[in-house]
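First comes the structure, then the notes that go with it.
The values are calculated or read from the model by the stated rules, or taken from the named source; none is laboratory data. This one's a predicted model, so the numbers in the text were calculated from it and none came from an experiment. Positions of Cβ are generated from backbone atoms using ideal geometry, with glycine treated the same way; all protein chains shown enter the neighbour counts. Keep in mind that these areas ignore ligands, DNA and RNA; they rest on the heavy atoms of the full protein, side chains included. Shrake-Rupley method; radii C 1.70, N 1.55, O 1.52, S 1.80 Å.
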Amino acid sequence: MPSARRAAVIVASLSMALVGTTATAQATPKAKAGSHCAADLSTHKTTCYDSFRDVIAAATGGRVTDAPATPQQAAKDKKFLAELNAPAVSPAHARTAVAQNKVVGGILYEDWNYGGGSLTLTVPAACKDDGQWDWGYNSLDDWNDSVSSLIPANNCYIALYSDIYYNGTQQQYNGSTPYVGDAMNDRASSIKLL
Ligand SMILES: [Ca+2]
Ligand SMILES: [Ca+2]
């Protein structure tokens with residue numbers, strides 16, 4: 001085999017190996033059953049943590065470090081929900097939260113009644129009452145077709161869409177929702193906060 005051709009073959013196998021590696025790396029973030037992650041809706045970056053408490057600490061810029069251990073407990077804990085909804089309680093903390101772009105806009109859950117994995121949505125600021133949508137996530141990626149319950153926070157309503165890029169059927173939720181309903185269960189592919 002001429003050396004140029006041999007080199008081409010080697011390059012080809014190397015790039016195939018690289019393609020394989022990249023595909024594996026891209027598949028990593030998320031939706032293993034029971035995982036707890038935070039999605040930043042301004043950067044569309046999703047980060048997963050060891051526990052729900054760690055997610056909330058990160059998602060609130062370190063303001064709420066004592067979240068209940070499981071998202072099911074958290075969903076029924078009025079003190080925790082109040083903390084989640086009050087980023088401006090302490091001016092010092094509010095400054096930190098704003099500086100780090102961390103306000104929780106809501107939490108999506110894999111199972112009904114706030115069970116299974118959770119995806120905490122962080123946004124740069126609380127939602128405004130202006131009839132416009134504030135933040136969106138045009139493709140839920142690893143969380144596609146899995147959302148079964150949710151909790152909106154910080155003045156946001158959550159709209160679920162059955163298709164990506166805010167297409168398909170749409171349903172809006174204005175408060176804690178232990179079951180999104182038969183029409184939207186395991187169907188959401190994109191979301192808006194408004
Ligand atoms: Ca589900
Ligand atoms: Ca869908």
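Restricting attention to segment 113-126 and to residues that are in contact with a Pro (Cβ under 6 Å, 6 or more places away or on another chain) and either of a type outside the set (S, T, N, Q) or open to solvent by 10 Å² or more (accessible area, probe 1.4 Å) (or both), the residue that is nearest to T60 (Cα to Cα) turns out to be Y114. Set side by side, the residues P124, P152 differ, and just one is free of Cβ contacts under 8 Å to residues at least 60 places away in the same chain and either within 16 Å of ligand 2 (Cβ to nearest atom) or in the same structural domain as G61 (by TED's automatic domain parsing) (or both), which is P152.
Quick check, is P68 in a loop (DSSP other than H, G, I, E, B), within 21 Å of the chain's Cα centre (by Cα) and at pLDDT below 85?
Working: in a loop (DSSP other than H, G, I, E, B): yes; within 21 Å of the chain's Cα centre (by Cα): yes; at pLDDT below 85: no.
Considered against the rule, which asks whether it is in a loop (DSSP other than H, G, I, E, B), within 21 Å of the chain's Cα centre (by Cα) and at pLDDT below 85, P68 comes out as no.
Mind checking which residues of segment 129-143 are assigned to a loop (DSSP other than H, G, I, E, B) and within 16 Å of ligand 1 (Cβ to nearest atom)? Give the steps one after another, and end with the answer.
Within segment 129-143, the subset assigned to a loop (DSSP other than H, G, I, E, B) is 129-134, 138-140.
Once the filter is applied, which keeps residues that are assigned to a loop (DSSP other than H, G, I, E, B) and within 16 Å of ligand 1 (Cβ to nearest atom), segment 129-143 yields only L140.
Kindly establish whether S176 is closer than 18 Å to K45 by Cα and either in the same structural domain as A69 (by TED's automatic domain parsing) or within 16 Å of the chain's Cα centre (by Cα) (or both). Judged against the criteria, S176 is not a match.
Just one of S146, S162 is farther than 18 Å from V104 by Cβ, buried (at least 20 other Cβ atoms within 10 Å of the Cβ) and within 15 Å of ligand 1 (Cβ to nearest atom); which is it?
Numbers: S162 fails: buried (at least 20 other Cβ atoms within 10 Å of the Cβ).
Result of the check over S146, S162: S146.
Per this entry, A188 is counted among residues that are part of a loop (DSSP other than H, G, I, E, B), open to solvent by less than 50 Å² (accessible area, probe 1.4 Å), assigned by TED's automatic domain parsing to the domain that holds V123 and among the hydrophobic types (A, V, I, L, M, F, W, C). For segment 155-180, the set of residues classified as away from ligand 2 (no atom under 13 Å from the Cβ) and in a loop (DSSP other than H, G, I, E, B) consists of N155, C156, Y157, N174, G175, S176, P178, Y179, listed by residue number.
Per the conditions (1) in contact with a helix residue (DSSP H, G or I) (Cβ under 8 Å, 6 or more places away or on another chain); (2) within 16 Å of ligand 1 (Cβ to nearest atom), the sole criterion not satisfied by S176 is (2).
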